[in-house]
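Shown next, in structure tokens, is the structure this report addresses.
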């Protein structure tokens, strides 16, 4: 019948729908299961990556600690050297003090200062420890270290080791750019070095630099104003500019007398000696007479008279009759 047919069709459709639903559910379950498995695999991979990263990080920490240990071991000798340099420096500084006094009357020209072996070794130690302390940045007042370097430069200059003397003066200027004393000492070193050189470009370059440094030292303010014209006169004299040298030496003597009157201290007898040398080189009775008077005036100080007896600059004076006249 028609009703039976409808009922059969409906049951067929329902069966199809139910089959579809069951199939979709089964498919969905499989899909969810696959998604779950994929998720587990990803989690496993991430966990593995995290484990690797943690291991790497742990290794890095260990390497960093090891590197720090190696650095500490490498720096240990340097720290010990710094501490040793500081302690040794105090001792060397005390030993060097009396040696400095011997340099006060040493001149730019002439023979090298003769130093006993034990004193020479003490100076070498003084220089070595100071340079080590400087390289290791041992705590120190830069101005004080500059002063110590200038003292070393004075010694090396007196013993005619001009390269070292120049290096110490230049380092002192780096440490204390405002030190007129350091610049003046470089002037002395350049003058002394140039005196040992034959005429030529190198000698002239040194004298040019000496003049420039002297001007800067004067600008900064010299402790003794007479030093400015004194060393300028010396440079003029070395270049054969005798008139200019005479003028500057006379200025230096006037300033020296003023400095002694206001600040005390000993006159700079060397200025008078150098003026006598220039007067002798110029010649003429009046100049020779003045040169002899200057030397007589400083005869009682240091070894100026002994120097005068062999100084080639005073040869003309020694040949004159007035040389043998009493002072």
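What follows is calculated from the coordinates using simple rules that are stated; it is not laboratory data. The shown structure was predicted, so the numbers you read here are calculated from the model rather than taken from an experiment.
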Review point. Rounded if a/c is under 1.5, else prolate if a/b is larger than b/c, else oblate: which is region 244-305, with a ≥ b ≥ c the root eigenvalues of its Cα gyration tensor?
Key: oblate
Review point. When every alpha-carbon pair in region 224-327 is counted, what percent end up more than 20 Å apart?
Key: 36 percent
Study note, to complete from the structure: Residue separation between residue 215 and residue 120 times 0.36 nm, minus their alpha-carbon distance, gives in nm 30.8 nm
Check your understanding: What is the Cα centroid distance between region 134-167 and region 184-236, reported in whole angstrom?
Key -> 18 Å
Check your understanding: How much length is gained if the chain between residue 204 and residue 144 is pulled fully straight, taking 0.36 nm per residue apart and subtracting their Cα-Cα distance, in nm to one decimal?
Key -> 18.4 nm
